[in-house]
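Q: Provided herewith is a single structure, encoded as structure tokens, for subsequent inquiry.
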């Protein structure tokens, strides 16, 4: 019953802090100087880069407090996806089901319902002043064709997590993902790590500690979020490239653009696969068991989810058959090359 007075007090506190803090604090202050040539080179070479303490502590706390305000005032919504299912009981007509993750709440900062609020000035400025996007747009190479951004507030309750996935397959223009974590006093035992899979290299695990900013390729970096043992906040910026064949072709290859290899038959084959869109399919085979486990850990166990898992398993079968055909084509030129996916993965 005390909720409304508490929220009014919090809003007044945020308003008074807004008037006292200088403009550069509301804009993120020293992020600009964090966007170095080292960051750019690392992102393009490895497909990811982690920035420590890119923003002032008080600025981060204001962002987190405003995210908490959105959550406690009921302005975050469950993370869910609509899927179509052929309804055999209704002459095969399509019906829409909701595929929902458990304990994940979020909202987009571009929504008028958020941007029109005077109670979240730091979040509003984070989006409107292009705090993460603009320095990256100026620093990253022109061939990426960066042209716009979107920001999302996200809250994970206890055990909330995300399955293995790519943020984009290129059709929506997402190019770079930047996740800012806002969790003070975070211990390793609290879980909630983001795990990056720069296949075929080893996985990279990053704790969601206060002020960590993780950047990675939206189209090429497989990743997941592990279950957390306490609530967890993240503020994500997605950066988009403009429509156009050049930007699309270049961003498809992204960090494998600079990859080199010895020119023996096996390495030449692997390089060709890794530089093609098929890499994103092959990685599903490489992590098939872990991928399925992550899906079950992340979603509510509903009819929609079981249908989704059936589709996922069928997709794996199609990918495995396509991989076998692809290897057969390579073997017509060199019979010493792998014959099965097991031989390919062990090579």
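A short reminder: the numbers here are calculations on the coordinates, not readings from a lab. Here the structure is a predicted model, which is why all the values come from computation and not from measurement. Here the Cβ positions follow ideal geometry from the backbone for every residue, glycine too, while neighbour counts run over all protein chains shown.
Q: Please compute the modelled spin-label separation between residue 336 and residue 129, points set 7 Å along Cα→Cβ, answer in nm with one decimal.
A: Each label point lies 7 Å from its Cα, and together they span 6.0 nm.
Q: Could you list 315, 106 so that the one with the fewest beta carbons within 10 Å of its beta carbon is first and the one with the most is last?
A: Fewest-to-most Cβ neighbours within 10 Å comes out as 315, 106.
Q: Pairs of alpha-carbon atoms within less than 8 angstrom and 6+ residues apart define the contacts here; what relative contact order does segment 28-247 have, in percent?
A: Relative contact order, segment 28-247: 26 percent.
Q: Right, another one. Would you please give the FRET efficiency between residue 313 and residue 61, computed as 1/(1 + (r/R0)^6) with r the Cβ-Cβ distance and R0 = 30 Å, to the nearest 0.05? Mind dumping the intermediate values first?
A: Working: r = 45 Å, r/R0 = 1.48.
For residue 313 and residue 61, the calculated efficiency is 0.10.
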